[in-house]
1. Looking at B:Asn157, B:Asn145, B:Asn134, which is the one that is surrounded by fewer than 21 Cβ atoms within 10 Å (Cβ to Cβ) and within 10 Å of chain A (Cβ to nearest Cβ)?
2. Given the conditions (1) of a type in the set (Lys, Arg); (2) over 22 Å from A:Ile166 (Cβ atoms); (3) buried (at least 17 other Cβ atoms within 10 Å of the Cβ), which single one is not true for A:Arg80?
3. Which of the numbered conditions does B:Ser262 fail, given that it passes all the others? Conditions: (1) in a helix (DSSP H, G or I); (2) closer than 21 Å to B:Pro100 by Cα.
4. Report, by residue number, each residue of region A:186-204 that is aliphatic (A, V, I, L, M) and crowded, with 20+ Cβ neighbours inside 10 Å.
5. Go over the candidates B:Arg245, B:Arg241 one by one and state the one that is out of contact with any helix residue (DSSP H, G or I) (no Cβ under 7 Å at 6 or more places or on another chain), more than 22 Å from B:Tyr144 (Cα to Cα) and surrounded by 15 or more Cβ atoms within 10 Å (Cβ to Cβ).
6. Determine the pairs where a residue that is within 14 Å of chain B (Cβ to nearest Cβ), located within region A:77-89, has a partner that is among the charged types (D, E, K, R) and crowded, with 16+ Cβ neighbours inside 10 Å with Cβ atoms under 8 Å apart, the partner being 6 or more residues away or on another chain.
7. For a quick check of your reading of the model, give me the residue pairs whose first member lies in region B:14-38 and is touching a residue at least 24 places away in the same chain (Cβ under 8 Å), whose second is hydroxyl-bearing (Ser, Thr, Tyr) and not in a loop (DSSP other than H, G, I, E, B), with beta-carbon atoms closer than 7 Å and at least 6 apart or on different chains.
Amino acid sequence: MSIMELNGGSCVAMVGKGCVAIACDLRLGNQALTIACNHEKVFAATERTYYGLPGLASDTITVRDKLRQRVNLYAMKEERTIEPETFAHLVSSTLYERRFGPYFIEPVIAGINVKDEPFIAAMDLIGCLNFAKDFVVSGTASEKLFGMAESLWEPDLEAEDLFETISQTLLNAVDRDAYSGWGAVVWVIEKDKVTKRWLKARMD
Amino acid sequence: MSRRYDSRTTIFSPEGRLYQVEYALESISHAGTVVGILAPGPSATPFVSAPEVSDAMAVDSEGAAASSSTPAAGSSTPAQSAAAKKKEEEAKAEREKKYPGPQRAGIVLAAEKKVTSKLLEKEKGSSEKLFLVNGNVISGVAGYNADANSLVSYARNAAQSHLSTYNEDMPVEQLVQKVCDLKQGYTQFGGLRPFGVSFLFAGHDPHHAFQLYASDPSGNYSGWKATCIGANNSTAQSLLRQDYRDDIGLDESLGLALKVLSKTMDSTTLDSEKLELSTLTIDEAGRPVAHIFKPAEIDALLEKEGLKKAPEETSA
């Protein structure tokens, strides 16, 4: 059993037309034993940049706090909010600092930049970046998420369609994974609006 | 050898003084003025005591508070003459006319920019003398800007590592203390000069609500209702003493800060080129909101306060 699979949990992010979506499940487990089903793994970096940190739950919280600190310092020193592209590199270098004793998380990032263009990225636990143009997945259900996203995602989805696509992708993927599921949260980020929705899921 | 006690920052002179620290203080008294005014608003509770910390263990706190309610203390002293009372009422009516609506609570920091030149590029950022230190703290700087930048950066890092450790904004006094500890170190440990910077820190935390602190190069700090650092600070202090009231509102404080600066600055015109302004207030949810004014906002306010001097065509 890998430490990456100890607590379970998954995240996915997708690009739409002038919008992005990011979603996570709500499970916190101890191997096969479910401890809680209110463990959100997606957080806001800025008003239009969000990130998910599936993996070891304690590292999820530690890295969330560390990133908040760095984003706040960036905002004060640069006197502007961080762009999603820059934030991706910030997360990456934060992880690579612990190259030989890493945080056991695989972040996904979704945001809309200053030019109102959608942006998503994902990386491994030591911060190797993957800038995708369609979707990124991470967590214990990542293989299933890949499969679902490959078949459901299409280019230039509007916000509502993107919400449906990412929800179906996540729900159907986590149903095939014993370590993920037990509810889900979906964020849809548009250029002037952010929507958070809770999804009902199979609770078994 | 007469300068024997000058060169070392950490050695007392025979009169028991630390010359380098006093020189640093002297250099600050030539720096641009920074004024800070704390506006507790009409419900001036912050000075009475810290608000009760919510505590689930407290038994029947509401009942206890009700039973200990004090009798209304509003009866005026008989010595107060009717004329003085009338004058006071007139002043109050005038204030209410000038600043209508409910008085907001908050803190004002206003700073004078000393270095101005036609050729000088404008600051790329919002300001050079007022800084956001944390979500709940703003600071104003008088003295060496280079030293200030390093201290502000230190304070920001300290505040953020507190947030990261405790998941709570750093209490204001704790942050001031942290910066002052560093400053004090340079008056005791050898080989280095002290920081040539005085600060005003304006902050808000749940423990003591709005707070205003001043600190100097020796590492001393003190809390104020209204204070001033930098050039002409004694003039400014006496102006503040005259016009400050315990129920002053934020809008009136802005006016007062500008008035004080207009009297202490040696330049004849007052505009956004020579001024910086910021406020710290709280929103409906009780979260602190820091605002550093844009040049256009400063000019608009000066206009409203009637302090904007029309550019004189004839002046050389």
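The values are calculated or read from the model by the stated rules, or taken from the named source; none is laboratory data. Keep in mind that what you see is a predicted model, and the values were worked out from it rather than measured. Positions of Cβ are backbone-derived with ideal geometry, glycine not excepted, and every protein chain shown enters the neighbour counts.
1. Within the list B:Asn157, B:Asn145, B:Asn134, the selection yields B:Asn157.
2. Failing condition for A:Arg80: (3).
3. (2)
4. A:Val186, A:Val188, A:Ile189, A:Ala201
5. Sole residue among the options that is out of contact with any helix residue (DSSP H, G or I) (no Cβ under 7 Å at 6 or more places or on another chain), more than 22 Å from B:Tyr144 (Cα to Cα) and surrounded by 15 or more Cβ atoms within 10 Å (Cβ to Cβ): B:Arg245.
6. A:Lys77/B:Arg156
7. B:Ile28/B:Ser198; B:Thr33/B:Thr264; B:Gly36/B:Thr227; B:Ile37/B:Ser253
Okay, residues lined up against (1) outside any helix (DSSP H, G or I); (2) farther than 17 Å from A:Ile112 by Cβ; (3) not β-branched (Val, Ile, Thr):
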| site | (1), (2), (3) |
| --- | --- |
| A:Lys133 | yes, no, yes |
| A:Ser138 | yes, yes, yes |
| A:Glu143 | no, yes, yes |
| A:Gly147 | no, yes, yes |
| A:Ser151 | no, yes, yes |
| A:Glu154 | yes, yes, yes |
| A:Thr165 | no, yes, no |
| A:Leu170 | no, yes, yes |
| A:Ala173 | no, yes, yes |
